[in-house]
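Written below as structure tokens is the structure these notes are about.
The values are calculated or read from the model by the stated rules, or taken from the named source; none is laboratory data. This one's a predicted model, so the numbers in the text were calculated from it and none came from an experiment. Every residue, glycine among them, receives a Cβ derived from its backbone with ideal geometry; neighbour counts consider all protein chains shown.
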Amino acid sequence: MREFGRRELELMQVLWGHGKQTAREIRERLHDDPADATVRTMLRILEAKGCVAHTKKGRAFVYHATVPERATVRSYLKRLVENFFNGSPEALVAHLVDEKDLTPEALEEIVKSTKSRGDGKE
């Protein structure tokens, strides 16, 4: 699994959510207005990790994610479950239910949504 720092993850989320972007476009989508050099440096680091690639369009580099968001989320969740919930996804869900005070109706919607995506185990 690839590990992302906070800023790296923010850049990846921009690329996953908005597709191909220039460094300037990525920077404009970040909430804390980092320096242009910071964004470019982070993009180079992500390229070195094999998570981002670029193509050249005119004078600009256009970046895109090379690792899928879903696989990254799955990997992070797997580690979370292993490290904090003794490998039990049920314990994670129980914790989330307790923390968010989910209603039975909300839980049913979650189950339906999961099944409709084909992720549910029937």
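Answer yes if at least one residue in region 9-20 is assigned to a helix (DSSP H, G or I), surrounded by fewer than 17 Cβ atoms within 10 Å (Cβ to Cβ) and at pLDDT below 95, and no otherwise.
yes
Which one of GLU90, GLU47, GLU69 is of a type in the set (Asp, Glu) and farther than 30 Å from LEU107 by Cβ?
None of the other options fit; the residue is GLU47.
Got at least one residue in region 73-81 being of a type in the set (A, V, I, L, M, F, W, C) and either in contact with a Cys (Cβ under 6 Å, 6 or more places away or on another chain) or exposed (fewer than 12 other Cβ atoms within 10 Å of the Cβ) (or both)?
Yes, the conditions are met somewhere in region 73-81.
How many residues does region 41-62 hold that are part of a strand (DSSP E or B), of a type outside the set (Val, Ile, Thr) and touching a Ser or Thr at 6+ places or on another chain (Cβ under 7 Å)?
3
Would region 42-65 turn up any residue that is free of Cβ contacts under 8 Å to residues at least 60 places away in the same chain, closer than 25 Å to ARG117 by Cα and surrounded by 12 or more Cβ atoms within 10 Å (Cβ to Cβ)?
yes
Could you pull out the residue among LEU92, LEU77 that is of a type in the set (A, V, I, L, M, F, W, C) and out of contact with any helix residue (DSSP H, G or I) (no Cβ under 6 Å at 6 or more places or on another chain)?
Result of the check over LEU92, LEU77: LEU77.
Based on what the data block shows, is ARG29 basic (Lys, Arg) and surrounded by 13 or more Cβ atoms within 10 Å (Cβ to Cβ)?
In short, yes.
Take the residues in region 36-88 that are more than 17 Å from GLU8 (Cβ to Cβ) and of a type in the set (Ser, Thr, Tyr), then tell me which one is modelled with the lowest pLDDT.
Ranking the candidates gives SER88 first.
Does at least one position in region 26-35 carry a residue that is within 17 Å of THR66 (Cα to Cα) and either at pLDDT below 95 or over 16 Å from the mean Cα position of the chain (by Cα) (or both)?
Taking every residue of region 26-35 in turn, none turns out to be within 17 Å of THR66 (Cα to Cα) and either at pLDDT below 95 or over 16 Å from the mean Cα position of the chain (by Cα) (or both).
Cβ-Cβ below 8 Å, separation at least six or inter-chain, first residue in region 81-95 and outside any helix (DSSP H, G or I), second surrounded by 11 or more Cβ atoms within 10 Å (Cβ to Cβ) and of a type in the set (Gly, Ala, Ser): which pairs?
Taking only residues 6 or more apart or on different chains, the pairs are PHE85/ALA91.
Here are some conditions: (1) surrounded by 10 or more Cβ atoms within 10 Å (Cβ to Cβ); (2) under 29 Å from GLU10 (Cβ atoms); (3) at pLDDT 80 or above; (4) not basic (Lys, Arg). LEU102 meets all but one. Which one does it not meet?
(3)
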